[in-house]
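Report on the structure given below.
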Amino acid sequence: MRVILAGLGLLVSFVAVPAEALTISNADPDPHTVTVTIGADSKDLTVAPEQQVDAPCADGCKVKLENGEEYDLKGSEAVSIEDGVIFVDSSPDANDEDLPDIDPDAPAAEPSGDAAKPAAPQ
């Protein structure tokens with residue numbers, strides 16, 4: 001009976017709804033301190049080089065870098081700090097229709113210089 005209860009408890013932990021979090025990673029060689037603001041509450045987080053932190057941001061938040069740039073995020077994105085700028089790496093609510101139609105057999109295109117665009121500061 002205990003084995004069945006333990007198995008059910010393990011199963012419930014796998015199907016539990018995960019908390020909505022914003023994942024911030026740091027690709028820079030120096031640490032960055034960011035301020036995450038939700039409503040009137042704000043929290044400073046230090047992201048060490050080559051590390052990541054999760055910040056609660058279920059219904060949207062503002063992320064402010066040390067340089068004063070502020071970004072409005074919806075929550076549950078994965079972002080990275082590169083050269084002191086925030087880039088959105090993934091967003092669960094991205095519309096598949098917005099993704100480019102890539103033909104794997106097509107010849108490689110010349111880089112246009114705007115392939116990787118940073119998140120728009122607010």
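FYI, it's all coordinate maths here, none of it is from the lab. Quick caveat, the model's predicted, so the values are computed rather than measured. Every residue, glycine as well, gets a Cβ built from its backbone with ideal geometry; the counts of neighbours run over all protein chains shown.
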For this session: Give the calculated FRET efficiency between residue 45 and residue 67 to the nearest 0.05, with a Förster radius of 22 Å applied to their Cβ-Cβ distance.
Result: 0.90
For this session: Find which of 45, 67, 57 sits farthest along the positive direction of the dipole of the range 18-91, computed with +1 on the beta-carbon of Lys and Arg, -1 on that of Asp and Glu, about the Cα centre.
Result: 57
Seminar exercise, completed: To the nearest 20 debye, the range 18-91 has a Cα-centred charge dipole, built from +1 on Lys and Arg Cβ and -1 on Asp and Glu Cβ, of 240 debye
Exercise. Considering only DSSP beta bridges whose two residues both sit in the range 18-91, what percent are antiparallel, to the nearest 5?
Worked result: 85 percent
